[in-house]
Amino acid sequence: MPYVPHTEDEVREMLAVIGVDSVEDLFAEITEDMRPQSFDLPEGLSEMEVLSKLEAMAAKNTINSVSFLGAGFYDHYIPAAVDALTMRGEFYTAYTPYQPEASQGTLQAIFEYQTGVTRLLGMEYANASVYDGGTALYEALMMAVRKTKRRKVIVSEALNPIYRVMLDSYTSNLDIEFVTVPHKDGLTDIPGLKAALDTDTAALLVQNPNFFGSINDFTELFAAAKAVKAVSIISSYPVLQTLLKTPGAMGADIAVAEGQSLGLPLSFGGPYLGIMTCNKEMIRQMPGRIVGRTEDSEGRTGYVLTLQAREQHIRRQKATSNICSNQSLCALRALVHMCALGELGLKRAARISVERAHICAERLTAIPGVKMLTKGAFGNEFAVILPVNAYEVIAKLTERGFVPGFPLGRYFDGLENGLLVACTEKTSEEQIGIFAEMLRGALK
Amino acid sequence: MIPDDLLYAKSHEWVLIEGDIATVGITDFAQEQLGDLTFVELPEVGDTFEAGSEMGSVESVKAASEIYSPVSGEVIEVNESLEDNPEKVNEEPYGDGWLLKFKIKGTPEGLLDADEYATVVESEAH
């Protein structure tokens, strides 16, 4: 289908039907002073001029550094098929057309994306996606608040602090009480979370692996939440999910994830993908679009939006959400990525990433004064405590093309010397070796 | 279709009062306006409501609407068969499609009889 909203001919046709001569006349009701005076746009440029201007701007970016930065966003390899398929004209648009008569391809792709992420997370249902992992977490929290009609939310401090800032911002005008249970030297305080649960609790928010990289099994904690009818919400990391116990197997009611690691480039923070999945009891509270498979009047398989009565175009202020646009193109990238790698490929990417991180941890902690913060099992990310402020090291190494990681002091008081380090299958052992030697030098 | 032996709320719920027990459903007019129901969300046994407060919702292929408690009291039974067969509300709104039962607190107030409710329906149907 064409994505041009209306041609000049169509505009003329529509004006003729309603009996108005021009677009100007259509908006005659809006007085002159209410109209935009100027859009403050520069004069037009030729294609060649625009290109050279944009190239000059793009050249200011640092693009070829070796990065050990993770903190919820990971530089995994993206197969060429992801770009090739998502850039096809049938899909490549900012708009998501949902009319079943015209959009079977798009709807089928979304349905298959939903199927893929539910299998990955071991959950029953998924929506067509939301903006990003943080938004998905906020929407999950609101599902729990609506379902339980309670307002207290227990949050693990080992949840990504970037998400915690987003939750504060999204809920600043809502009647919600957050109870934050501190991390214990980088570990999720499961007994502390359990103790905080009570019959006023709407939701419990945890993350696996947690922000410091630690791997957890929340099965018992989720059972404790169920006992007080609180909703268990887990934020997970899709790539590692092929190796870890799934949210579904742990008994989570809602599992969300930042989908960036499935085929989306880091590109300075977006666009990303908010994956949302839930069990059957929560489906009526799920915000946004959900595509279902059905049959048409002739018995042929077809795909349509389903459960739409929850949505804002029908329920307005009572809708499950009013910020629930789906990231269709990003969801498609995630689908192609999952399909191109397959279960085996995703598992191998995850395994290599974890292996590299363990090699890296060994190399870094062999340096005098560098200690592990992350205790017990970890995946492809871990935290170390340096003998100096992490920002110092980051500044020194970044200058030489190695971004060593994320400074924990940015969000955690008392962890100013903490550095969060991530590896993926793109991280070579050689790079790890150079990084370790550079760090050793920087600490001398 | 507005049975004489029931009382009605302006928000289109019906009530059958037997002693201190009230059986509640939505009216034939309400189910017809909504169209084929796909889901009925009901409160849990033990929940208490004031008359006029929101107690659940019904969802059809074209809309979702809140249902309001026509009386004050405690929920003592909900029609669990609606979870799998919400279409019963369309088929028999005054029979098998009942929603829930209350133990009434105080004296019900502000309910309409069949004739008064018929006037409400007439004004809304146009």
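Counting Cβ atoms of other protein chains within 10 Å of each residue's Cβ and taking the mean over peptide B:55-67 gives 3. Which angle from 0 to 90°, rounded to the nearest 10, does the C-alpha axis of helix A:133-148 make with the longest principal axis of chain A? The answer is roughly 80 degrees. Largest first, the three principal axis extents of the alpha carbons in the range A:13-90 are 61, 32, 32 Å in whole numbers. The angle separating the long axis of helix A:47-58 from the principal Cα axis of greatest extent in chain A is about 20 degrees. Each stretch of four or more DSSP H residues adds -39500 (n - 2.57); spread over every residue of chain A, this sum gives -11500 deg cm²/dmol at 222 nm.
The Rg/Rh ratio for the range A:238-349, using Cα coordinates for both the radius of gyration and the Kirkwood hydrodynamic radius, is 1.00. Residues whose amide H comes within less than 5 Å of that of residue B:21, counting only those at least five positions distant or on another chain, are B:104 (H built at 1.01 Å from N in the peptide plane).
For the range A:71-162, the spread of Cα positions along the three principal axes, ordered from largest to smallest, is 46, 35, 25 Å. Multiplying each eigenvalue of the alpha-carbon gyration tensor of chain B by 5 and taking the square root yields semi-axes of 20, 19, 12 Å, largest first, rounded to whole angstroms.
Partners of residue A:60 within straight-line reach, counting aspartates and glutamates whose Cα lies under 19 Å from its Cα and excluding those fewer than 8 residues away in the same chain: A:49, A:399. Solvent exposure of residue A:199, expressed as accessible area, is near 100 Å², computed with a probe of 1.4 Å over the protein chains only.
Within the straight-line cut-off of under 20 Å between alpha carbons, the aspartates and glutamates reachable from residue A:245 are A:124, A:189, A:217, A:220, A:253, A:258, A:343, A:355, A:381, sequence neighbours fewer than 8 places apart in one chain being disregarded. Distance cut-off 24 Å, Cα to Cα: go down the list B:10/B:62; A:347/A:371; A:147/A:184; A:147/B:62; A:149/A:226; A:184/A:444 and report the pairs above it. A:347/A:371; A:147/A:184; A:184/A:444, as the Cα separations exceed 24 Å there.
The values are calculated or read from the model by the stated rules, or taken from the named source; none is laboratory data. Keep in mind that this is a model prediction, so the values were computed, not measured. So basically every Cβ, Gly included, is an ideal-geometry build from the backbone, and we count neighbours across all protein chains shown. Surface accessibility is based on the protein's heavy atoms, side chains included, excluding ligands, DNA and RNA. Shrake-Rupley method; radii C 1.70, N 1.55, O 1.52, S 1.80 Å.
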